[in-house]
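The values are calculated or read from the model by the stated rules, or taken from the named source; none is laboratory data. Keep in mind the model is a prediction, meaning the values are calculated, not measured. Note: ideal-geometry Cβ built from the backbone for every residue, glycine included; neighbour counts use all protein chains shown. To get the accessible areas, we keep the full protein, side chains included, count just its heavy atoms, and leave off ligands, DNA and RNA. Shrake-Rupley method; radii C 1.70, N 1.55, O 1.52, S 1.80 Å.
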Amino acid sequence: MDNLYKLSISEASKLLNKKELSPVDLVNSHLTRIKETEGKLNSFITVLEDTSRKLAIQAEREILSGKWKGDLHGIPIGLKDLYFTKGVTTTIGSEIYKDFIPEYDARVTTNLKEAGAIILGKLQMHEFALGTTSHNPHYGSARNPWNTECVTGGSSGGSGSSVSSGQCMGALGSDTGGSIRIPSALCGIVGMKPTFGRVSRHGVFPLSNSLDTVGPMTRTVEDNAIMLNAIAGHDKNDSYSSKVEVSDFKAYLEKDISKLKIARPSTYFYDVIDKEVLDLIDKACKRFENLGAEVETIDLPILDHTLAISGTILLTEAAELHSENLKTKAALIGDDVKLRLQQGALTSGVEYVKSQRGRTVYNQKINELFETYDILLAPTVPSGAPFIGDDSIDINGTQELIGPLMARLTRPQNITGLPTISIPIGLTSQQLPVGMQLTSPAFQEGILYNVAHQFEKVSTMKNIFPPNQE
């Protein structure tokens with residue numbers, strides 16, 4: 001029972017459904033795991049110990065009476081602390097909102113509860129979700145389970161570390177410039193940024209209204225599909241919510257990928273990249289070819305406009321959202337986040353409109369790519385996890401600033417809103433995880449799960465735990 005936290009969602013769900021595993025034991029195992037590791041990891045802002053124990057007892061009664069709700073019934077889940085939870089503090093990683101208690105649940109919080117999931121608590125994050133390290137001046141740094149002196153990545157850092165270490169079986173993050181995929185890559189787990197509009201953002205504190213996406217973070221691809229099944233779908237309370245039909249994402253996992261065409265851009269993603277990461281990407285491409293897929297290196301010069309378009313839109317929209325906080329509560333905002341908000345506030349309306357126009361052209365060029373190819377492949381982060389407190393990291397003899405470097409390769413997919421999954425592909429010589437991201441046409445998350453699952457089956461990184469956390 002001490003090792004129940006090592007089960008995947010899929011494994012635990014089957015045992016729960018057959019009444020061979022108690023939700024009470026499963027939740028207790030994870031609460032024990034939190035107590036054992038939280039002092040090192042700082043993954044949580046709030047742990048709902050009493051509530052989760054009560055819900056576990058309720059889930060056990062339901063399952064024993066034949067009222068099994070599905071794959072997430074009795075499964076312990078964590079929420080990034082920007083998801084509204086009725087009656088439970090939701091800080092958004094900020095001193096300003098430290099006492100904010102929502103009067104209602106986010107739509108996805110409700111979805112998870114209706115599916116029978118048990119919310120263990122609210123997870124650490126970069127303040128306002130505006131950062132790539134999850135170093136937080138108010139709540140401390142989230143720490144990477146593979147090396148607790150290293151960052152988790154951000155902004156969903158607590159989600160990454162809690163899932164990687166076995167504190168919870170899955171978590172929700174949010175992704176505006178890579179905030180699901182970056183910590184997933186650095187913590188060695190699977191992270192899905194669904195198509196923009198696929199999952200409701202109602203009751204999720206925003207950062208950038210035209211870029212924000214929410215999605216699941218898990219230890220396996222199948223677990224990720226299970227979570228997206230529960231939260232995807234139209235929501236009338238979210239004006240950005242899509243009405244595109246949602247299918248069972250698990251149904252795609254075992255399809256043949258031998259006829260798929262994968263595009264690997266030759267530049268931008270490889271302009272600044274650690275040699276070890278590049279080597280692991282090369283090996284990943286060969287694995288796809290061994291699986292029968294075709295991997296072709298292509299030229300995609302539009303990617304060079306990524307940073308200008310993304311940076312202008314993200315910071316301008318974030319500054320507008322927090323304009324009142326900047327005016328009246330600036331002293332309560334961390335220095336790094338305050339500086340970025342101030343930069344956004346200085347952006348002119350002309351610059352913003354130009355960026356949105358550029359975005360339209362950019363998206364058109366990317367979408368044309370999918371007339372020939374099924375998948376776009378790239379590294380998720382150019383390096384392994386940097387050390388906490390460092391401002392720069394050495395990349396092949398050159399010092400690169402950590403903040404912009406972490407999100408350099410993830411921002412293109414937020415501009416397009418296309419679904420993108422990050423999966424672990426190996427470890428650096430320092431035993432730090434490396435991630436690869438796969439992008440598909442809009443609302444084709446099923447093909448991403450298919451390709452990622454087939455890769456995972458021949459990978460050594462499936463459901464792997466950090467050695468120092470065993």
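Okay, here's what the table says:
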item	result
Segment 405-470 - accessible surface per residue (Å², probe 1.4 Å)	26 Å²
FRET efficiency, residue 61 to residue 103 (Cβ-Cβ, R0 30 Å, nearest 0.05)	0.60
Label-to-label distance, nm, for residues given as residue 465 and residue 279 (7 Å Cα→Cβ offset)	2.8 nm
Gain upon complete extension [residue 256, residue 19; 0.36 nm per residue less C-alpha separation]	82.0 nm
For the chain, size of Cβ-based charge dipole, Lys and Arg +1, Asp and Glu -1, in debye	820 debye
Residue-span extension gain [residue 236 to residue 49] - 0.36 nm each, minus C-alpha spacing	64.0 nm
Calculated volume of the Cα convex hull per residue in Å³ (choose from (i) 131; (ii) 180; (iii) 139), label	(i)
Sum of side-chain charges, residue 296 neighbourhood, beta-carbon under 10 Å (Lys, Arg +1; Asp, Glu -1)	+1
Average accessible area per residue (Å²) across segment 1-75 - probe 1.4 Å, nucleic acids and ligands excluded	51 Å²
Charge dipole (debye, nearest 20) of segment 308-450; +1 at Cβ of Lys and Arg, -1 at Cβ of Asp and Glu	340 debye
DSSP-defined beta bridges in the chain - what % are antiparallel, rounded to 5	70 percent
Residues of segment 289-349: accessible area per residue with a 1.4 Å probe, Å²	53 Å²
Share, in percent, of DSSP beta bridges within segment 60-165 that are antiparallel, nearest 5	50 percent
222 nm mean residue ellipticity, helices alone, for the chain (DSSP H n ≥ 4; -39,500 (n - 2.57); rounded to 500)	-11500 deg cm²/dmol
Two-site FRET efficiency, residue 372 against residue 350, from Cβ-Cβ distance with R₀ of 35 Å, rounded to 0.05	0.50
Separation of the residue 266 and residue 294 label points, Cα + 7 Å toward Cβ, nm	1.8 nm
Carbon and sulfur %, accessible surface of the chain computed with the full protein complex present, 1.4 Å	49 percent
Solvent accessible area, Å² - residue 168, 1.4 Å probe, full protein context	0 Å²
Separation in nanometres of the label points that stand 7 Å from Cα toward Cβ, at residue 6 and residue 89	3.5 nm
In Hz, Karplus ³J(HN,Hα) per residue of segment 295-304 (6.51, -1.76, 1.60; θ = phi - 60°; x = Gly, Pro)	10, 10, 7, 10, 9, 9, x, 4, 4, 5
Extension gain from residue 307 to residue 286, taking 0.36 nm per residue of separation minus the Cα-Cα distance	4.6 nm
